[in-house]
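First the structure, in the form of structure tokens, and then the observations on it.
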Amino acid sequence: GQQLNQSPQSMFIQEGEDVSMNCTSSSIFNTWLWYKQDPGEGPVLLIALYKAGELTSNGRLTAQFGITRKDSFLNISASIPSDVGIYFCAGSNYGGSQGNLIFGKGTKLSVKP
Amino acid sequence: DTEVTQTPKHLVMGMTNKKSLKCEQHMGHRAMYWYKQKAKKPPELMFVYSYEKLSINESVPSRFSPECPNSSLLNLHLHALQPEDSALYLCASSQDRKQSNSPLHFGNGTRLTVT
């Protein structure tokens, strides 16, 4: 089946540093989503991408849908302590439906004040 | 605050118990989902309802029984669970399962422990 390779698995950074994480797939997706999950809570949607090459920002977050449709990255600029959490990428290509999201394994972000 | 509400937040049950998880959304979404998430793992799809009809069952054991009473509510009935079923159970909804620009919105989950 389809799999997403998300990297890095974990990151330990200093407050104020920029962060970059990415997901790659061996097959094409037509939707990429990025979620953040805090302990004891459900995943929260950060950015949704629907077109190859699309670059979208949400505050200090920027994500891009790779031109090959097989990858996506998420950047966080000037990290702050509340950025701590697990970030998941998710892709879908089932007729445009997102009922068959494929999740990456997550990137655990730790920010040192 | 999430717009998908799940109750209870925590549940401890024995292997012979029958319990139900509940999920509610008032965003007018017509697709609702159950996911299971083990610690340090991504969510795994269990069931999908579209317009109150079961669309996807990801080969989930029959001890998990979903129900969609109306477009705003989604239940998951539990019976004769095993300790390995302990996990965070997440409900999600989206505007329409067939629309590509209809992202999933998750609730905060029910933390289930089976003893």
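Computed from the coordinates by the stated procedures, all read-outs in this text should not be read as laboratory data. Since this is a predicted model, take the numbers as computed values, not measurements. No Cβ is skipped: glycine too gets one built from the backbone with ideal geometry, and neighbour counts run over all protein chains shown.
Exactly one condition in (1) surrounded by fewer than 20 Cβ atoms within 10 Å (Cβ to Cβ); (2) more than 27 Å from A:Leu33 (Cα to Cα); (3) touching a residue at least 60 places away in the same chain (Cβ under 8 Å) is not met by B:Arg63; state its number.
Of (1) surrounded by fewer than 20 Cβ atoms within 10 Å (Cβ to Cβ); (2) more than 27 Å from A:Leu33 (Cα to Cα); (3) touching a residue at least 60 places away in the same chain (Cβ under 8 Å), only one is false for B:Arg63: (3).
Please enumerate the residues belonging to the stretch B:93-115 that are charged (D, E, K, R) and farther than 14 Å from B:Met32 by Cα.
B:Arg111
Can you tell me which residues in the stretch A:1-45 are of a type in the set (A, V, I, L, M, F, W, C), more than 21 Å from A:Gly66 (Cβ to Cβ) and without any contact (Cβ under 8 Å) to a residue 40 or more places away in the chain?
A:Val44
Can you tell me which residue is surrounded by the fewest Cβ atoms within 10 Å (Cβ to Cβ) among those in the stretch A:48-71 that are farther than 15 Å from A:Met21 by Cβ and charged (D, E, K, R)?
Only one residue fits best here, namely A:Lys51.
Give the number of residues within the stretch B:75-94 that are crowded, with 23+ Cβ neighbours inside 10 Å and either closer than 17 Å to A:Pro43 by Cβ or touching a helix residue (DSSP H, G or I) at 6+ places or on another chain (Cβ under 8 Å) (or both).
6
Just for the stretch B:61-115: of the residues that are facing another protein chain (nearest Cβ under 8 Å) and polar (S, T, N, Q), which one is nearest to B:Thr16 (Cα to Cα)?
B:Asn108
Mind listing just one residue for me: the one in the stretch A:24-46 that is within 11 Å of chain B (Cβ to nearest Cβ) and farther than 19 Å from B:Ser102 by Cα and, of those, surrounded by the most Cβ atoms within 10 Å (Cβ to Cβ)?
My answer is A:Gln37.
Is it the case that A:Gln14 is closer than 25 Å to B:Val4 by Cα, more than 10 Å from the chain's Cα centre (by Cα) and not small (Gly, Ala, Ser)?
Here the answer is no, as A:Gln14 does not meet what is asked.
Table: residues versus (1) under 27 Å from A:Lys112 (Cα atoms); (2) not charged (D, E, K, R).
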site	(1), (2)
A:Leu33	yes, yes
A:Pro39	yes, yes
A:Val44	yes, yes
A:Lys51	no, no
A:Ala63	yes, yes
A:Gly66	no, yes
A:Arg69	no, no
A:Asn75	yes, yes
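Of everything in the stretch B:27-54, what is within 16 Å of the chain's Cα centre (by Cα), in contact (Cβ under 8 Å) with a residue 40 or more places away in the chain and part of a loop (DSSP other than H, G, I, E, B)? Give them in sequence order.
Answer for the stretch B:27-54, where residues must be within 16 Å of the chain's Cα centre (by Cα), in contact (Cβ under 8 Å) with a residue 40 or more places away in the chain and part of a loop (DSSP other than H, G, I, E, B): B:His29, B:Arg30, B:Lys38, B:Pro43.
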